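Here's the structure we're looking at; comments come further down.
Derivation of every value follows stated rules applied to the coordinates shown; laboratory data play no part. The structure displayed is predicted, hence computed values, not measured ones. For neighbour counting, all protein chains shown are included, and Cβ atoms are generated from backbone atoms with ideal geometry for every residue, glycine included.
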Amino acid sequence: MFKKILIANRGEIALRIIRTCRDMGIRTVAVYSTADKDSLHVRFADEAVCIGKPSSSDSYLNIPNILAAAEITNADAIHPGYGFLAENAKFAELCTQHDIKFIGPTPDMINRMGDKITAKETMIAANVPVVPGSEGLLKDAAHAKKLAKKMGYPVMLKATAGGGGKGMRVVWKESELEANFNSAKQEAAASFKNDGMYIEKFVEEPRHIEIQIAGDQHGTACHLSERDCSIQRRHQKLVEESPSPFISDETRNKMGEAAIRAAQAINYESVGTVEFLVDKHQNFYFMEMNTRIQVEHTVTEEVISRDLIKEQIKIAAGIPISGRNYFPEGHAIECRINAEDPYNDFRPSPGKITNLHTPGGYGVRVDSHIYSGYVIPPYYDSMIAKLVAVAETREEALRVMHRALSEYVIEGIKTTIPFHLQLMENEDFKKGNFTTNFIESFELK
Ligand code: MV4
């Protein structure tokens with residue numbers, strides 16, 4: 001087992017990883033930017049190294065400084081958390097070159113899932129359902145037009161280097177295709193320095209349901225059930241839950257088996273997530289695979305009673321997994337508490353927390369790095385807490401969540417708490433009657 005892990009991240013996930021390391025008897029090294037010198041991850045770790053100025057590119061994305069911090073502290077592994085360098089194949093490669101274990105998949109696995117056309121081809125070969133569309137890259141707008149005519153409108157244009165909505169366009173009729181193709185291609189070139197495009201049939205009013213998977217270094221893979229992440233705004237998830245209120249046990253089993261085939265197709269090592277679009281008939285289609293631990297791993301932990309960070313560290317250390325699959329027991333739901341103003345287009349609201357009261361009690365988990373007097377810096381992600389409610393049924397979990405949200409006091413800044421409170425009271429949401437379009441038409445009172 002590793003003796004000392006450097007955590008190349010900040011905020012709640014850095015704390016989350018430090019806590020599991022403590023539970024496992026592994027020493028920890030925090031890295032921090034000058035803006036984060038008073039952060040809890042710095043105080044909770046055994047050692048801490050400053051790696052640069054506030055901007056991410058100078059600190060949490062500064063590969064030479066992070067590797068230097070690992071070398072001077074004698075860390076034998078690096079946990080990247082999520083975001084920042086978590087899916088950077090070059091960083092994973094450099095860790096290996098410096099004889100430091102990157103806690104995650106190999107650079108080759110990251111690359112094969114990072115390019116969406118390659119990922120899709122891999123899934124077709126593994127008999128994982130994908131959305132009907134082009135094979136390989138689109139040559140030009142005329143090529144896209146020809147394929148769109150064959151499959152019928154609406155269609156979706158996507159960037160092969162994309163994900164998270166950039167370089168993506170829905171096209172409803174032929175007359176709008178060329179202009180959308182050109183603008184999406186330009187956006188992809190500017191965002192990813194890769195303007196490769198492909199086309200798919202547009203799946204209307206889908207749900208976003210993803211399967212947590214794990215694979216070890218010995219070729220064993222398993223699934224750890226699903227999360228429903230349909231409640232999103234501009235590709236930012238706001239609420240996640242497990243199990244999904246929408247899918248049947250039959251669909252759950254089929255999706256789990258498909259996700260295992262996806263993992264085995266690349267001999268996947270580490271924990272990961274296979275994302276699917278699910279249509280109203282419960283047909284599901286591979287969307288992308290995330291080769292990292294995700295923000296919402298906590299909801300899965302609460303329904304399968306496993307520490308996923310611990311599993312991830314054990315896999316990285318070469319310990320085999322059992323290979324059994326996990327199914328949800330009870331119901332867990334997570335609300336992302338962001339320092340944003342939900343009454344003002346979710347505009348970021350950094351600043352000082354002048355007063356804080358955190359909820360607790362039966363069925364409540366809070367993963368957060370904030371404290372009374374903490375100043376939220378303006379440079380990073382606005383998520384300041386994950387509030388998770390767990391109960392036997394969905395109905396009870398929603399009530400626990402509502403109770404916990406009502407107890408939460410965060411003063412000095414604006415947060416998404418009022419939004420979540422109203423969501424928990426929404427009749428359609430309570431019935432499990434929602435798709436990825438839900439938030440667009442949701443009106444805050
Ligand atoms: C789609 C789709 C409908 N049809 N593909 C959004 C992010 C990127 N990962 C893929 N996305 C979508 N791909 C086809 N063929 C709808 C979306 C989509 C979406 C997916 C999941 C959650 C929220 C979403 C919001 C808008 C669009």
Evaluate the charge dipole of the chain about its Cα centre and quote only its size in Debye, nearest 20, assuming +1 on the Cβ of each Lys and Arg and -1 on the Cβ of each Asp and Glu. 540 debye
Would you mind telling me which residue in Met113, Met424, Met401 has the biggest mean-square fluctuation in a Gaussian network model of the chain, where springs connect alpha carbons within a distance under 10 angstrom? Met424
Assertion target for His143, His41, His357, ordered by fewest C-beta neighbours within 10 angstrom first, is His357, His143, His41
Potential lengthening between Glu174 and Thr118 on full extension [0.36 nm per residue; Cα-Cα distance subtracted]: 17.5 nm
Under a 5 Å amide H to amide H cut-off, with H placed in plane at 1.01 Å, what residues pair with Ala48 once short-range neighbours are removed? Ala30
Most mobile listed residue (Thr28, Thr358, Thr291) in the chain, GNM with C-alpha springs under 10 Å: Thr358
Give Lys237/Lys314; Lys280/Lys445; Lys53/Lys237; Lys173/Lys201 a once-over and call out the pairs whose C-alpha atoms are over 21 Å from each other. Lys237/Lys314; Lys280/Lys445; Lys53/Lys237
Under the rule a/c < 1.5 gives rounded, and otherwise a/b versus b/c splits prolate from oblate, where does region 253-338 land using the Cα gyration tensor? oblate
Shape category assigned to region 132-201 from the gyration tensor of Cα positions, a/c cut at 1.5: prolate
For the chain, what proportion of DSSP beta bridges, expressed in % and rounded to the nearest 5, is antiparallel? 80 percent
Once the dipole of region 222-366 is set up with Lys and Arg at +1 and Asp and Glu at -1 on Cβ about the Cα centre, which of Ile247, Val278, Gln264 lies farthest towards its positive end? Gln264
Taking Phe327, Phe346, Phe434 and counting other C-beta atoms within 10 Å, the order from fewest to most: Phe327, Phe346, Phe434
Springs between alpha-carbon atoms under 10 Å, Gaussian network over the chain: tell me which of Val131, Val409, Val303 tops the mean-square fluctuations. Val409
For the chain, shape from the Cα gyration tensor axes a ≥ b ≥ c, cut at a/c of 1.5 then a/b versus b/c, turns out rounded
Rounded to the nearest 500, what is the 222 nm mean residue ellipticity of the chain from helices alone, with -39500 (n - 2.57) per DSSP H run of 4+ residues and division by all residues? -10000 deg cm²/dmol
Which residue, Ile26, Phe434, Gly83, has the largest displacement toward the positive end of the dipole of the chain when charges sit on each Cβ (Lys, Arg +1; Asp, Glu -1)? Gly83
The extension gain from Tyr371 to Asn355, computed as 0.36 nm times the residue separation minus the Cα-Cα distance, is 4.9 nm
Would you pull out the residues with amide H under 5 Å of Arg233's amide H, same chain only if 5 or more places away, H placed 1.01 Å from N? Leu238
